[in-house]
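Trainee: Handing you this structure, nothing more for now.
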Amino acid sequence: MMNKLFFLLLLINYSAQGQTNISGKILDNKNKPLLGISISLKNTYDGTTTDSSGNYSFITEEKGEQTLEASATGYKPFEQKINLTGIPVTVNISLKELVTELKAVVISAGTFEASDQKKTTVLNPIDIVTTASANADITAAIKTLPGTQQVGETEGLFVRGGTANESKTFIDGTLVNNFYYSSEPGLAQRGRFNPFIFKGTIFSAGGYSALYGQALSSALILESIDLPQQSSADLAVSYLSVGAGLQQLAKNKKSSWGISYDYTDLRLAYKLIKQKPDYFNIPVLHNADANFRIKTSKTGMLKYYGTFSATKVGFRYADMDSLGMKDAFKLKNLNIYQNLSWKEKIGMGWRMTAGFSFSTNKDNISNEFQNENNEKQIVTNPGLFAFKNFDVMTYGSYVNGKIVIEKKLKGLSALRFGSEYNYSNDKTDFTLYNGNKSTETVRENLLSGFAETDIYITNDIAAKIGTRAEHSSLLDKWNIAPRISLAYKFADNSQASVAYGIFYQDPEKKYLPSLNTLDFSKATHYIAQYQKLNNNRTFRAELFYKKYQDLFKTSTSIGQEIAVNNNGYGDAKGFEFFWRDKKTIKNVDYWVSYSYLDTKRDFLNYPSLMEPSFAAKHTASLVVKRFVTKLKTEFNGSYTFATGRPYYNIRYDNAANNYKIFDAGKTKDYNSLSFSVNYLPNIGKTNASKFTVIVFSITNVLGSNNIYTYNYSYNGLNKQPVTPPAKRFYYLGCFISFGIDRTENTINNLIL
Amino acid sequence: MKKTILSATIICLCITAFAQSDKYAGAMKKNISMLDSAMQKGNAKELANNFERIGDAEKSQWLPYYYAAYCNVISTYTEKDKTKNDAIADKAEELIIKAEGLAGKENSEIAVIKSMIASAHMMVDPQSRYMQYGATSASNIEKAKALDPSNPRPVYLEGQAKLYTPEAFGGGKDVAKPLFEKALAMFDAFKPASELHPTWGKSATQYFLAQASK
């Protein structure tokens, strides 16, 4: 009995000896065979992996109803019940692709992005600081990208036929009002912000998101770093400046704080490198900054960044309107900028980003009309000369707040909406030669609301649709600006995108207050882009058309140019190429950009529709980087070429009662070759207590005589070129990090 | 009679259970034996899937997921398009986290895989990714050494990293060679906890030692 039973049980146990063959083909939703897909019977060992034609076949000893499952990263898991009886089963499967960040098309029309995220990008944050011509200035690096002009006499980005005022900069979502150091006549200024505090840079030459406004041409969107990797102390010494900084990361790695201070004094530099202006106050700059960053939860981050800068400069230059007389210009600037931002997930797929910035800017500008002995002269005939003696105090205070609420939808789709508030108060006190004073105040309260949605239909097709509405208290006007971008990915992973958008902007503050009722200026962008991006090579081509409407026109009253109406207009069209290659030449990384621009506009005091003086037809840049391991040195070079720009002598013709061009011409072509060397002597010394980088750079190595534009005297009889203050500029500096061995980090940053 | 049935049932269950664990060990051994040739054959992805299936079916064993993660990572070595590394490394990461959960805590072998995962991410764009992934990779090697000083694999990985670091930066053959020699000696002395526990790396160490000795 017992034996029988035992035998029976054994029989039951081993009854499933019959084998079933399961086979088929796995394809994606485009009927392309999928290689390497795992297919199996759920909860068994039985299964296999598809071959290059998507075929699979395996044998199982299981019986009865089982679940066949197929899974692969980036695809929706597949499951199907099958009945196993010993008869071969064929199951052909079509896997549905999931929309994932790694695979999805990128909406990139108009945009260059440099960030650390996983996705391959055109640029990396490190590229910005190692571009030879940039000297660690963010906008100077951006100027090697297509769409930008090589304007050297004024700071800012001139993008696709737009003025510098049409480009705005945002840090952690909020507008920055005084991104550059205060203007000096004929000298472009650097940005105030240290490029090392930013981990992400997005440069948009048009068609950007509804989250940003008040910029007709371009947005430069900067994102500050989160917690530092480790604590550090830094020292920077050059013949221009000394600086020191400290970054302290808490033991639990949940918060950090830092401070730094820099002192710049160009005395030595200007002794060694002769400057065209005669400096009686050689530029002196004090810069201090402080930050803290706190991880408020697993997903939350609170960041504070504040800077203080004080600068003083004074120089004399030959007066245009007289013989042998000079203008003595003096500027004192005090700027405080503070930014607080907070990001947090608020559950159920909702996310909030809030930013708040507060800044004040004070400029104290004075000008004196001086004789050859540098003595102040008040000449009242002609009256024009008397007005060359003046004092201007400007006080600006700015508050910018922004909140964005985002809801993650299926796949990568998302819905975003929010509000922005920009307050500015610009007060100007003039003191004329005779002591007469006048005060002007321009106050703006700009309230905006925006909504935007990202729609990913598949990995290959996506759209961003948004709209922005703004109300200006200054103009007492509303505007509504729709924005649409579409992107499509081809089978070879290249992609095409298009963008359309309307952009509005207030009149430039320096032409206000106006006695007339003004409206927003308006630009409409149309962009088409093709991009092929892989790890080692990037190609992109972009075509654009930009239509300007309601640009403001100016008129001169009592020596001051003020906005009078919105009758200006214009357009800009062109195409641009960008090519980056890290592969063809071993150890060499280079990029080339080319821009063609055809633009005309009638604005400010232009008598008619004409090519603006800040626009060159052809602009090209070449940037090359190479690290030589044996020498522990990185060599960087960059070359920029631009065809000549038009210049005009526009004056009011009293007889005709309008503005007229009395003289015009084109500057000669612009050429600039720059070179920099970074030497890292401590590299590879493990356990080194300090890490050193020595930087040497030369701008305009060839000493090309560049002319940016021409200035005319009041009567048009005297014409002078506006040139860089020195032919070449040299920089030599040393950066030392103490206490922490960052050797390996830096090595690999440079060589791998 | 009842007793008889009961004992018979128990015997049967035992046989089944034994057969089951025998099946596990058998399947694991079979796949483990194919690890060394996976690089030449280019079937690491297939092996990864095999191990993952075993892991999914067993539900309580950490080693199948450990090997699945390992196979995914080494499949990136032969992948020409490095941009695919991220997706594969993410998959490996998912698997090693499962393995760590089942093992109850992190161990030296798991730290080794984490180091390799970070390196795979780094290879996509070493220049800009070193800051993040290079540091993670190096710290996991150190962790692996600390968790089990007798484990030769972190020493082998360190040697490999040094071999590909230029001499000027403290790498090179002369620095790597003693590490491979040390790893090789450790491989000879290494006793895995069971037949199924990791033993891989010896032949690779020999290969790299030969390279470093050239």
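Where a number appears in this text, it was derived from the coordinates with a stated rule and is not lab data. These numbers come from a predicted model, not from an experiment. Using ideal geometry, Cβ is built from the backbone for each residue, glycine included, and neighbour counts are taken over all protein chains shown.
Trainee: For the range A:410-530, what does the alpha-carbon gyration tensor say about shape, rounded, prolate or oblate, given a ≥ b ≥ c as the root eigenvalues, a/c under 1.5 as rounded, and a/b over b/c as prolate?
Mentor: Note, shape of the range A:410-530 comes out prolate.
Trainee: Just report the Cα centroid separation between the range B:99-138 and the range A:457-496, whole Å.
Mentor: 38 Å
Trainee: Do the alpha carbons of any pairs in A:295/A:407; A:326/A:427; A:76/B:98; A:81/B:30; A:276/A:630; A:276/A:362 sit beyond 32 Å of each other, and which pairs?
Mentor: A:276/A:630
Trainee: Let me ask something else. Packing-wise, with mean Cβ within 10 Å as the measure, how do A:216-227, A:485-496 rank, highest first?
Mentor: Packing proxy ranking, top to bottom: A:216-227, A:485-496.
Trainee: Output the Cα-based Rg and Dmax of the range A:564-721 in Å, rounding Rg to one decimal and Dmax to a whole number.
Mentor: Taking only Cα atoms of the range A:564-721, I get Rg and Dmax of 22.9, 79 Å.
Trainee: Mind ordering A:663-669, A:456-462 by average Cβ neighbours within 10 Å, highest first?
Mentor: Result, highest mean Cβ count within 10 Å first: A:456-462, A:663-669.
Trainee: Here's something else I'd like to know. Taking H as built 1.01 Å from N, whose amide H comes closer than 5 Å to the amide H of residue A:89, not counting residues under 5 places away?
Mentor: Those qualifying (amide H under 5 Å, at least 5 residues apart or on another chain) are A:21, A:22, A:23.
Trainee: In the structure displayed, which of B:45/B:214; A:199/A:582; A:103/A:410; A:546/A:582 lie more than 26 Å apart, Cα to Cα?
Mentor: Long pairs (Cα-Cα over 26 Å): B:45/B:214; A:546/A:582.
Trainee: Also: Strictly greater than 41 Å: what percent of every Cα pair in the protein assembly as shown meets that?
Mentor: The share of Cα pairs beyond 41 Å in the protein assembly as shown comes to 48 percent.
Trainee: How much mean residue ellipticity at 222 nm does the protein assembly as shown get from its helices, if each DSSP H run of length 4 or more adds -39500 (n - 2.57) and you divide by all residues, to the nearest 500 deg cm²/dmol?
Mentor: -6500 deg cm²/dmol
Trainee: Give me the angle, in degrees from 0 to 90, between the Cα long axis of helix A:2-13 and the longest principal axis of the Cα atoms of chain A, rounded to the nearest 10.
Mentor: Between the helix axis and the principal axis of chain A, the angle is about 30 degrees.
Trainee: According to the square roots a ≥ b ≥ c of the eigenvalues of the Cα gyration tensor, what is the shape class of the range B:26-115, taking rounded for a/c under 1.5, prolate for a/b larger than b/c otherwise, and oblate for the remainder?
Mentor: Taking the square roots of the gyration eigenvalues as a ≥ b ≥ c, the range B:26-115 is oblate.
Trainee: Under a straight-distance cross-link criterion of Cα-Cα below 15 Å, which aspartates and glutamates are reachable from residue A:42, leaving out those fewer than 8 residues away in the same chain?
Mentor: Leaving aside aspartates and glutamates fewer than 8 places away in the same chain, those within reach of residue A:42 are A:61, A:62, A:65, A:69, A:79, B:52, B:56, B:58.
Trainee: While we're here: Within the set A:388/A:727; A:251/B:202; A:96/A:573; A:547/A:668; B:80/B:202; A:408/A:532, which residue pairs have Cα atoms separated by over 32 Å?
Mentor: A:251/B:202; A:96/A:573
Trainee: Can you tell me how the range B:42-167 classifies by the Cα gyration tensor, rounded, prolate or oblate, using a/c under 1.5 as the rounded cut?
Mentor: Cα axes put the range B:42-167 in the oblate bin.
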